[in-house]
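To keep things clear, I will list the structure first and then write my remarks on it.
Readers should treat all values here as calculations from the given coordinates under stated rules, not as data from a laboratory. No experiment lies behind these values; they were computed from the predicted model shown. Every residue, glycine among them, receives a Cβ derived from its backbone with ideal geometry; neighbour counts consider all protein chains shown.
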Amino acid sequence: MKSVALNSLPVPVRRSLTKLGGDIAAARRKRGLTVAMMAERMGTAKSTYLKVEKGEPSVSMGVYALTIHALGLGAAFGDVVDPAGDDVGVLLDAARLPKRVRPRKGPGAM
């Protein structure tokens, strides 16, 4: 039985996972690796690895990370949500800056 969250994934998320799976499959083939070789490198069942290549949302994030590592692309996984590349976050931080800064009053003020 699949969870409600998996059944209600937004279409862009499903597309992203499908693209990720296809990209993983292409990277595997470029390296001349079989599905069995990848599953062995990862220590998972072939059926689990095939779910990765299909972009199945039920596969754990750890398995996706392990797959990317087995392909020699592990460093890129850590940069997916790097704050330095988060343009929206940078804009939100800039918008939250105060217009003025006033000294504190009372005990503990400098």
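Details
- The long axis of helix 11-30 is offset from the longest Cα principal axis of the chain by roughly 50 degrees.
- Tilt relative to the chain, helix 87-96 - C-alpha long axis, 0 to 90 degrees, to 10: 20
- Put in line by how crowded their Cβ is, counting other Cβ atoms within 10 Å and starting with the fewest, Ser16, Ser58 read Ser58, Ser16.
- Normalised by residue number, the volume inside the convex hull of the Cα atoms of the chain is 205 Å³ per residue.
- Dipole in debye (nearest 20) - the chain, about Cα centre, beta carbon charges: Lys, Arg +1; Asp, Glu -1: 340
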